[in-house]
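Okay, so here's the structure we're looking at.
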Amino acid sequence: MTGPDRRSQVLARFAQVFGGEPSHWVRAPGRVDLMGSHTDYNQGFVLTMSIDRDIWIVARPRPDRVVAIDSINLGERVTFSLDDIQRDPAARWGDYVKGVAHVFQAEGYALHGFDGVIHSTVPLSSGLSSSAALEVATAVLFRDLGGWAIEPLQVALLCQRAENSFVGVNCGILDQYTSVHGRDGCAVLLDCRHLTGQATAIEPGIQVVICDTRFKRELSGSEYAERRAQCEQGAAILAGHHPEIRTLRDASLDQLDAHAGDLPDVVRRRARFIIEENRRVLDLAGALSAGDRAAIGALAAASFAGARDLYEISVPAMESMMAAMLGAPGAIGARQAGAGFGGCMVAFVERDRVGQFVPAVRDAYRQSTGREPHVYPVSASAGAGVLAPA
Ligand code: GLA
């Protein structure tokens with residue numbers, strides 16, 4: 001949908017649902033991780049990119065303490081009072097908005113009630129962090145309505161807290177950080193311990209392409225929490241020998257090998273993946289800006305092999321997609337994205353071959369799985385902020 005069409009659509013919906021016009025417009029992007037699966041909660045590195053798919057909220061303050069939000073994508077409405085914020089299992093998407101309200105209010109920020117319409121071009125539940133985009137857009141809106149100032153990093157941290165403590169998903173900082181701090185035109189090398197990001201160029205001939213398996217993933221499943229616990233266990237065992245190890249970010253492969261016998265097999269494999277993946281993030285940052293195709297291909301392949309064999313977050317649909325991506329014209333490299341278990345994957349493609357790459361991936365994946373994928377190029381877009389009103 002083009003910008004003007006999207007603006008008319010949200011305006012029409014606002015007029016229809018609430019009457020009149022919105023006075024506040026905000027946006028927050030989704031993200032794709034180019035390298036660094038599950039490294040964030042190990043305080044490691046991620047090469048991340050905010051994408052040109054985002055969530056918009058258009059809103060108008062209300063005189064009372066009620067928040068009424070309407071989702072165009074879902075055709076649903078959630079209404080709640082800022083004085084009585086309760087989860088609703090029947091409308092979980094509303095919990096992201098409520099969680100942000102709950103956490104910011106608990107931190108002492110004055111919140112206004114509002115009528116709002118939400119529209120997302122980030123596909124929902126596909127691994128591109130539509131939930132973090134909704135949290136961050138909500139926070140930016142409350143800030144705008146309340147007229148208070150807040151550090152961008154604090155927005156990301158409080159939104160993460162909303163997801164951890166209110167929604168109940170124990171995610172790391174990757175998604176919220178990227179949605180807040182994303183950079184127009186380049187990737188960001190995120191250090192999840194120091195919470196700093198470094199702009200990282202992508203050589204202009206290389207296009208990032210999302211390849212959505214459309215195999216449903218569910219992050220609140222036990223697998224995510226289980227892997228987190230295994231990483232913590234691995235770090236704790238290694239810390240018994242090397243007290244300077246606080247998380248797997250601090251551990252080397254040599255240290256892991258030296259104490260391999262102390263770790264349960266599954267914990268050893270998880271730890272190996274994280275230690276290697278952290279290294280690959282730094283290496284890919286260099287390779288992507290230099291346009292070193294051979295290195296990009298090798299790093300992405302090693303990341304996927306580790307995700308499949310060591311971290312065990314792959315599913316058959318992802319293997320079919322890997323084959324489809326790597327077999328398509330213009331492919332430089334390809335790997336998993338997000339938490340795994342289906343959802344979106346990511347390919348690095350020769351920019352001038354994208355037109356051939358996209359249909360080839362679609363055909364090959366459809367043939368091997370019977371499922372219709374979504375394949376589309378994305379570019380790096382700015383982090384969350386205020387939109388100029390229509
Ligand atoms: C999800 C989580 C992130 C991160 C990724 C895996 O997107 O929300 O915090 O752990 O999975 O890298």
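Couple of notes before you dig in:
The rows are residues; the columns are (1) assigned to a strand (DSSP E or B); (2) of a type in the set (Val, Ile, Thr); (3) within 16 Å of the ligand (Cβ to nearest atom); (4) at pLDDT below 95.
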residue	(1), (2), (3), (4)
194	no, no, no, no
203	no, no, no, no
219	no, no, yes, yes
228	no, no, yes, no
236	no, no, no, no
246	no, no, no, no
249	no, no, yes, no
269	no, no, no, no
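- Whichever residue in segment 205-217 is modelled with pLDDT under 95 and surrounded by 14 or more Cβ atoms within 10 Å (Cβ to Cβ) and, among such residues, is nearest to residue 366 (Cα to Cα): 215
- Within segment 91-102, the set of residues being over 14 Å from residue 146 (Cβ atoms) and modelled with pLDDT of 95 or more comprises 93, 94, 95, 96, 97, 98, 99, 102.
- Strands (runs of 3 or more DSSP E) lying entirely in segment 1-87 (those with 1 or more residues that are within 15 Å of the ligand (Cβ to nearest atom), of a type in the set (Asp, Glu) and buried (at least 19 other Cβ atoms within 10 Å of the Cβ)): 24-35
- Flag for residue 385 being of a type outside the set (Lys, Arg), in contact with an Asp or Glu (Cβ under 9 Å, 6 or more places away or on another chain) and open to solvent by less than 30 Å² (accessible area, probe 1.4 Å): no
- Within segment 59-72, the set of residues being in contact with a helix residue (DSSP H, G or I) (Cβ under 9 Å, 6 or more places away or on another chain) and farther than 15 Å from residue 138 by Cα comprises 72 only.
- Just one of the listed residues (195, 145, 124, 158) is open to solvent by less than 30 Å² (accessible area, probe 1.4 Å), hydrophobic (A, V, I, L, M, F, W, C) and under 30 Å from residue 280 (Cα atoms), and it is 158.
- Single match in 334, 300 (criterion: assigned to a strand (DSSP E or B), modelled with pLDDT of 95 or more and crowded, with 24+ Cβ neighbours inside 10 Å): 334
The values are calculated or read from the model by the stated rules, or taken from the named source; none is laboratory data. As the structure is a prediction and not an experimental result, all values here were calculated from the model. A quick note on method: Cβ atoms are made from the backbone with ideal geometry, for glycine too, and the neighbour counts reach across all protein chains shown. Protein only, heavy atoms only, side chains kept; ligands, DNA and RNA dropped before computing areas. Shrake-Rupley method; radii C 1.70, N 1.55, O 1.52, S 1.80 Å.
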